[in-house]
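Working notes, structure below.
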């Protein structure tokens, strides 16, 4: 069994809907799911619309590559395209930041939008 920590975000007009449905989808494909609250974050680049973000921990029997492919497929189904990214509109963004306690996306791990939810989940575990 593999453990993972995800960063989930959306800054599209329907960001509340995207977050709600994205988190529900993730709860159906993973086990032992814990989710932070959903909170507003200013876009890192300072130009794009604010994001809603959350952090999730879970377990899966899948390997890392298969799990990443599944996340990217879901993002695509939700309307994330290279064109939308260029426009600064992200319907849903799901990134695996940690895999089996290894930080695999250190840039995301260091960001406030991740640390807020991560610290919330760590506090709940204590």
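Label-to-label distance for residue 59 and residue 32 is 0.3 nm, based on points extended 7 Å past Cα in the beta-carbon direction.
Highest mean packing first, where packing is the average number of other Cβ atoms within 10 Å per residue, the peptides 88-96, 62-70 line up as 88-96, 62-70.
Residues of the stretch 94-126 falling in the label zone of residue 84, defined by backbone nitrogen less than 12 Å from a point 7 Å along Cα to beta-carbon, are 94.
Put the Cα centre of the stretch 96-124 next to the Cα centre of the stretch 1-66 and the gap is 11 Å. Given the alternatives (1) 1.03; (2) 0.97; (3) 0.94, Rg/Rh (Cα atoms, Kirkwood Rh) as computed for this entry is given by (3).
In the chain, helices alone account for a calculated mean residue ellipticity at 222 nm of -12500 deg cm²/dmol, with every DSSP H run of four or more residues adding -39,500 (n - 2.57). Computed from label points 7 Å out along Cα-Cβ, the spacing between residue 103 and residue 66 is 2.9 nm.
Read-outs: derived from the displayed coordinates by stated rules, not from any lab. None of the values given here were measured: they were computed from a predicted structure. Here Cβ is always computed from backbone atoms with ideal geometry, including for glycine, and neighbour counts include all displayed protein chains.
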